[in-house]
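Structure first, then comments.
What follows draws every value from the coordinates through simple rules; no lab data is involved. All values derive from a computational prediction rather than experimental measurement. Counting neighbours? That spans all protein chains shown, and the Cβs are built from the backbone with ideal geometry, glycine included.
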Amino acid sequence: MTRGTWKSPYLALILCTLIILISYGTRQSFGLFLIPISDAIAGGRVEPFSFAVSLQTLIVGLSVPFVSAIADKWLGPVKMLVMGGGLYALGMFLLGHASSEMHLTLSVGVLSGLAAAGCGLPMLLSIVGRVAPENRRSLWLGIVSAGGTGGQMFLVPLNGYLLERMDWTDAIIILASFIFAIVPMAMIAGKASGEALDQKKDTQTLGQALREARGHKSFIYLCLGFFTCGFQVQFVVTHLPKYLEDTGTGATVGAHAIALIGLTNVIGTALAGMLGGKYKKKNLLAGLYIGRSLVMLVFFLSPITQTSVYLFAACIGFLWLATVPLTAGLVSGFFGPRYMATLYAIAFLSHQVGGFLSTWMGGIVRDATGSYDQWWWIIIFGGMLAALFHLPINERPVERLPQAA
């Protein structure tokens with residue numbers, strides 16, 4: 001590569017996409033480990049590992065605003081990515097040596113949750129939002145978001161393949177080695193971004209940005225809607241293999257379905273990013289949430305076969321993370337890109353709280369009733385409610401931005 005190539009925003013885009021592929025793909029693989037880990041450590045009970053995964057979701061959401069604020073104010077996103085990638089690999093290594101329910105909670109829930117906050121979408125979208133050309137920002141945010149589900153296409157089937165041929169502990173150690181690759185990729189992405197990450201010339205302080213967001217009604221509605229995104233997707237990706245095993249379809253079909261979700265979502269998320277630059281993002285988001293609920297309703301009411309599972313995966317995948325570039329685009333449009341990591345992280349906190357509740361409660365309902373049926377109805381209704389939250393959103397930027405232009 002030439003020196004100019006190393007400082008290209010396109011290289012930063014590619015590396016950020018690869019990083020989220022690994023980070024998000026890891027989290028989407030936990031559903032495959034639910035059965036073997038539950039059998040080995042919890043006597044077949046799914047609630048302990050469900051709690052550990054849901055706790056990770058909650059900790060990511062709770063810590064990511066603080067992690068993002070530290071990156072925005074002091075460390076910068078690159079150093080935070082390096083720290084997050086290293087700790088995430090350590091958490092997975094410790095999971096591979098877990099022998100009790102407490103070990104699951106500490107390795108998957110606590111350590112990996114804190115680490116994932118440092119190498120997740122808020123940090124990566126912040127980098128891409130700063131280096132992207134203004135007229136391509138929505139599209140570039142969509143590409144990075146699509147990379148997350150690209151992890152489902154690569155890591156989920158890879159982990160399924162490994163679990164068929166070796167013990168789950170060995171598969172986890174291999175996964176940890178993939179995660180550690182985040183460290184060198186983050187360093188190179190930082191060099192590729194050049195001066196775009198230097199925002200010292202911005203006169204607004206972090207405290208002023210937070211106060212501005214707190215009084216922004218449209219931002220609050222956006223966060224309420226994003227709660228449902230996590231509420232729906234985390235339940236499906238964690239419990240779909242077990243749900244299919246309960247129906248006699250088989251957990252392996254669930255692994256293939258999750259990978260198919262990733263395939264179709266690459267298209268759906270990139271398309272959403274492109275459409276977000278042409279149409280009102282709030283209307284696109286409302287349509288996405290309604291579409292998700294309708295797809296889930298049809299799937300739940302239909303006979304469960306391999307064909308119906310794959311059709312469901314293809315359709316829901318098209319809508320899967322298509323909410324992310326639109327939500328991130330609205331945050332950047334409201335307030336500008338300077339503190340996007342922190343402000344998007346606040347919305348992401350709402351997303352993670354929804355994922356925590358749905359993943360954990362879904363496991364509790366399954367253990368208590370022997371079925372996921374009640375929870376399917378709840379997540380279907382949630383999508384309809386989320387669409388309503390987006391109707392009053394005003395996409396106009398805050399007054400400060402035109403004045404600063």
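In a GNM of the chain with a 10 Å cut-off on Cα contacts, which of Leu263, Leu311, Leu87 has the highest mean-square fluctuation?
Evaluated over the chain, the most mobile residue of the options is Leu311.
What nm distance separates the two modelled labels at Thr307 and Ser177, each placed 7 Å from Cα along Cα→Cβ?
Modelled inter-label distance: 4.2 nm.
Between Arg366, Arg292, Arg165, find the one with the highest GNM mean-square fluctuation for the chain; connect C-alpha pairs within less than 10 Å.
Its mean-square fluctuation being the largest, the pick is Arg165.
At 0.36 nm per residue, minus the direct Cα-Cα distance, what do Phe66 and Ala314 gain on full extension? Give it in nm, one decimal, please.
Between Phe66 and Ala314, full extension yields 85.7 nm more.
Show me 205-214, 18-27 ranked by packing, highest mean number of other Cβ atoms within 10 Å first.
Those peptides, ordered most packed to least, come out 18-27, 205-214.
Rank Ser38, Ser332, Ser358 by mean-square fluctuation in a GNM of the chain with C-alpha springs under 10 angstrom and give only the top-ranked residue.
Ser38
Based on the Cβ-Cβ distance of Leu391 and His97, what FRET efficiency does E = 1/(1 + (r/R0)^6) give at R0 = 41 Å, to the nearest 0.05?
Efficiency, rounded to the nearest 0.05: 0.25.
Go ahead and collect, in residue order, the members of the stretch 236-278 whose backbone nitrogen is under 16 Å from a label point 7 Å along the Cα-Cβ direction of Thr369.
Correct set: 236, 239-240, 243-244, 246-247.
In nm, to one decimal, how far is the modelled label at Asp39 from the one at Leu297, with both set 7 Å along Cα→Cβ?
Reported label-point gap for Asp39 and Leu297 is 3.8 nm.
Over the Cα atoms, compute the radius of gyration (one decimal) and Dmax (the largest Cα-Cα distance, rounded to a whole number) for the stretch 25-134, in Å.
So, for the stretch 25-134, Rg and Dmax equal 15.3, 54 Å respectively.
Per DSSP H run of n ≥ 4, the term is -39500 (n - 2.57); total these for the chain, divide by its residue number, and report the mean residue ellipticity at 222 nm rounded to 500 deg cm²/dmol.
Only helices count here, giving -26000 deg cm²/dmol.
State which helices in the chain qualify, where a helix is a whole DSSP H run, it must extend 20 Å or more along its own axis by its Cα atoms, and its mean Kyte-Doolittle hydropathy must be at least -1.0. Let's see the in-between values first.
Numbers: long enough: 9-28 (28 Å, 1.32); 47-70 (33 Å, 1.45); 77-95 (27 Å, 1.54); 137-165 (42 Å, 0.49); 217-246 (43 Å, 0.64); 251-276 (36 Å, 1.50); 281-301 (30 Å, 1.25); 340-369 (42 Å, 0.77); 373-390 (28 Å, 1.03).
Both cut-offs are met by 9-28, 47-70, 77-95, 137-165, 217-246, 251-276, 281-301, 340-369, 373-390.
Could I get the Rg over Rh figure for the stretch 230-302? Both from C-alpha atoms, Rh via Kirkwood, rounded to two places. Intermediate results must be reported in sequence, preceding the final value.
Values: Rg = 14.3 Å, Rh = 13.8 Å.
With Rh from the inverse mean 1/r over Cα pairs, Rg/Rh is 1.04.
For a bin width of 5 Å, list the pair-distance distribution of the stretch 121-264 built from all Cα-Cα distances, rounded to whole %.
2, 7, 10, 15, 17, 15, 12, 9, 7, 4, 1, 0
Would you please give the FRET efficiency between Asp167 and Thr247, computed as 1/(1 + (r/R0)^6) with r the Cβ-Cβ distance and R0 = 25 Å, to the nearest 0.05? Intermediate values should be presented prior to the final figure.
On the way: r = 27 Å, r/R0 = 1.07.
The computed FRET efficiency comes out at 0.40.
Given q = 0.18, 0.21, 0.27, 0.31 Å⁻¹, what are the Debye log10 I(q)/I(0) values for the stretch 118-167, with equal point scatterers placed on the Cα positions and solvent ignored?
Here log10 of I(q) over I(0) equals -0.64, -0.74, -0.95, -1.07.
Rg over Rh of the chain, using C-alpha atoms and the Kirkwood radius, what does it come to?
The Rg/Rh ratio comes out at 0.96.
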